[in-house]
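These notes are about the structure you will find just below.
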């Protein structure tokens, strides 16, 4: 499952009545960095941590939840492949 963290961050911006200019000022980013982030959807952990602190919101949780769900799915699939003995 692809995590679209850029969309999640944008939703938080809107929910809190903030804009991109505010975020860029707080992160000491030029707006171009924000737009590059939107284009490729990739962000380093340091910047994601800073954004999490700014919003008092754990943006890492989306990746953790995805990891757990994928792991559980792999385990379920592995259980189906094991032949049962009588």
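The values are calculated or read from the model by the stated rules, or taken from the named source; none is laboratory data. Bear in mind the structure is a predicted one, so any value in this text is a computation, not a measurement. FYI the Cβ positions are ideal-geometry reconstructions off the backbone, even for glycines, and counts take in every protein chain you see.
Summed over region 27-50, the residues that are farther than 22 Å from residue 61 by Cα, outside any loop (DSSP other than H, G, I, E, B) and in contact with a helix residue (DSSP H, G or I) (Cβ under 8 Å, 6 or more places away or on another chain) give a count of 2. Residues of region 1-14 that are without any contact (Cβ under 8 Å) to a residue 40 or more places away in the chain and within 15 Å of residue 59 (Cα to Cα): 2, 4, 6, 7, 10, 11, 13.
Residue count for region 51-66, restricted to those that are within 18 Å of residue 23 (Cβ to Cβ), without any contact (Cβ under 8 Å) to a residue 24 or more places away in the chain and either crowded, with 16+ Cβ neighbours inside 10 Å or out of contact with any helix residue (DSSP H, G or I) (no Cβ under 7 Å at 6 or more places or on another chain) (or both): 3. For region 63-70, state whether one or more residues are modelled with pLDDT under 90 and over 16 Å from the mean Cα position of the chain (by Cα). No.
For region 13-26, residues that are part of a helix (DSSP H, G or I) and exposed (fewer than 13 other Cβ atoms within 10 Å of the Cβ) total 4.
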